[in-house]
Amino acid sequence: MGTKYIGKQSIRFDNPPSIVASAAVGSKKEGDGPLGSWFDYISADSRFGQKSWEKAETTMQQKVFSIACDKAMLSPSQLRYIFAGDLLNQCTASSYSMRDSGIPFLGLYGACSTIAQGLALAAMSIDGGYADKAAVITSSHFCSAERQFRTPLEYGGQRTPTAQWTATAAGCAVLSAVGQGPFITNVTIGTIKDAGISDVNNMGAAMAPAAYETISTHLADFSIKPGDYDLIVTGDLGKVGHDILLDLFSRDGFDLSAICDDCGLLLYSLEEQDVHAGASGCGCAASVLCGYLLAGVRSGRWKKVLISATGALMSPVTSGQGESIPGISHAVTICSSGEGF
């Protein structure tokens, strides 16, 4: 039996799964940003008609899932699995959103890397013959994340220049064993990297080493160079982490400035929307990918895109105890055709 794993941490799919549909949902701040037109639905406010921020996030997931299934022309019952996660304790937004679906559910926690983690696992399930169709969903909400990880909004604390704005957004991708693409052809599963950063308002610096390690390993495993991609996108390093990533690669002799971007820099206008170092949250990379980036692959703007979503694997308890913040990043190759590396 042939193996599908490549090099140190990567996988090449024999039958690349197709992303048959995707959807992005956001709130007013996301709609006012430079990618606002790429969202399928924008709520007039961040409550989504609910009485709490947590219920609003559950509603976001239900909304984006419904839109994606409609675009795929599939009944939810046709899905073999749902892979979903969020930032709330015990991933409650995801489990509450799917509790009445009747679909086999796999809850994930990869922090802001969850969309890439979910896509990798769903693609592995389909390529391995364990599923024919699966959905990947993730979300975040500015208000619920601030309440859980930092301070309640009522506190009115001053945000530091390195702080990022948690996106109130959700993304969903529907994968199938058959379809016209875009296709997931390769993935690289990241390892945990800890740079010793303990400041919860400096996520970019905490996560940049993980993005660097995963992308470097991906390139080595497939014996390719950064220029073999039309676009390499991380999420969500923001301005601080993005600059660190470019510096780390420059030390290896690679100038990624022309082909590398970050979802945390794409979602908002840093100057006009006062988001300091950029965007963050599970919903940031998910909505940018499921809206803007996949549309670009479908239109032919890009033929090969590497999305390397990044996450900070900390909790309010560990932060309160002064622990450093481990980072993780998973990389997914998305191609307009089934030809990967």
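For the peptides 262-268, 170-176, 73-79, what is the packing order when you average, over each peptide's residues, the other Cβ atoms within 10 Å and list the highest mean first?
170-176, 262-268, 73-79
Among the chymotrypsin sites (Phe, Trp or Tyr not before Pro) in segment 120-150, which ones are in a DSSP loop with at most 15 other Cβ atoms within 10 Å of the Cβ? Mind listing them?
Taking segment 120-150 and a limit of 15 other Cβ atoms within 10 Å, the loop chymotrypsin sites (Phe, Trp or Tyr not before Pro) found are Tyr130.
Could you work out [θ]222 nm for the chain from helices alone, using -39500 (n - 2.57) per DSSP H run of at least four and dividing by all its residues? Round to the nearest 500 deg cm²/dmol.
-9000 deg cm²/dmol
Can you tell me the FRET efficiency between Gln50 and Ile103 if r is taken as the Cβ-Cβ distance and R0 is 22 Å, rounded to the nearest 0.05?
Efficiency at R0 = 22 Å is approximately 0.45.
Where is the GNM fluctuation largest for the chain (alpha-carbon springs, 10 angstrom cutoff): Gly278, Gly196, Gly181?
Gly196
Across 10 Å bins from 0, what is the distribution of all Cα-Cα pair distances for the chain, in whole percents?
All Cα pairs considered, the percentages come to 6, 29, 38, 22, 5, 0.
Would you kindly state the longest site-free stretch of the chain, with sites defined as GluC sites (Glu not before Pro) in a DSSP loop (not H, G, I, E, B) surrounded by at most 14 other Cβ atoms within 10 Å?
1-270
Could you tell me the relative contact order of the chain? Use alpha-carbon pairs under 8 Å, at least six residues apart, and round to a whole percent.
Relative CO of the chain lands at 25 percent.
Quick one: dipole size for the chain, taken about the Cα centre, charges +1 on Lys/Arg Cβ and -1 on Asp/Glu Cβ, in debye to the nearest 20.
That gives a dipole near 700 debye.
Roughly speaking, what is the stretch gain from Ile224 to Lys8, that is 0.36 nm per residue apart minus the C-alpha to C-alpha distance, in nm to one decimal?
76.3 nm
Compute the distance from the alpha-carbon center of segment 303-335 to that of segment 1-50, in whole Å.
16
Kindly provide the trypsin sites (Lys or Arg not before Pro) of segment 234-330 that DSSP labels as loop, not H, G, I, E or B, and whose Cβ sees at most 16 other Cβ atoms within 10 Å.
Filter output for segment 234-330: Arg301, Lys303.
If the elastic network links every pair of Cα atoms under 10 Å, which of Cys290, Cys282, Cys69 fluctuates the most in the Gaussian network model of the chain?
Cys69
Rounded to whole Å and sorted largest first, what semi-axes of the equivalent ellipsoid does the C-alpha gyration tensor of segment 204-292 yield via the square root of 5 times each eigenvalue?
23, 14, 11
What are the ³J(HN,Hα) values, in whole Hz, obtained from phi via the Karplus relation 6.51 cos²θ - 1.76 cosθ + 1.60 with θ = phi - 60°, for each residue of segment 174-188 in sequence order, with x given for Gly and Pro?
Going residue by residue, I get 10, 10, 9, 5, 10, x, 8, x, x, 10, 9, 9, 8, 9, 10 Hz, with x marking Gly and Pro.
Could you check what % of the DSSP bridge pairs in the chain are antiparallel, to the nearest 5?
Around 65 percent antiparallel, to the nearest 5.
Can you give the charge dipole size of segment 196-335 about its Cα centre, rounded to the nearest 20 debye, using +1 on the beta carbon of Lys and Arg and -1 on the beta carbon of Asp and Glu?
500
Want the number for Asn15 to Asp255: 0.36 nm per residue separation, take away the alpha-carbon distance, what's left?
Using 0.36 nm per residue and subtracting the Cα-Cα distance, I get 83.1 nm.
In nm, give the distance between the simple-model label positions of Gln180 and Asp247, each being 7 Å from the Cα along the Cα-to-Cβ direction.
According to this spin-label approximation, the distance is 4.6 nm.
More than 23 Å apart: what percent of Cα pairs in segment 135-292 qualify?
Looking at segment 135-292, the distances longer than 23 Å represent 42 percent of pairs.
Pick out which of Thr318, Thr92, Thr59 has the largest mean-square fluctuation in a Gaussian network model of the chain, springs linking Cα atoms closer than 10 Å.
Result for the chain, Cα springs under 10 Å: Thr318 fluctuates most.
Treating the beta-carbon of each Lys and Arg as +1 and of each Asp and Glu as -1, no other charges, what is the dipole magnitude of segment 79-174 about its Cα centre, to the nearest 20 debye?
Value, rounded to 20: 100 debye.
Could you pull out every residue, at least 5 positions away or on a different chain, whose amide H is within less than 5 Å of the one on Ser140? Hs are placed 1.01 Å off N in the peptide plane, and Pro or chain starts have none.
Ala169, Gly283
Could you tell me the largest-minus-smallest coordinate of the C-alpha atoms of segment 90-134 on each of the three principal axes, in descending order and whole angstroms?
Dimensions of segment 90-134 along the principal axes of its Cα atoms: 29, 26, 11 Å.
Since every read-out is calculated from the coordinates, none of them should be taken as a lab result. Note that this is a predicted model, so its numbers are computed, not measured. A quick note on method: Cβ atoms are made from the backbone with ideal geometry, for glycine too, and the neighbour counts reach across all protein chains shown.
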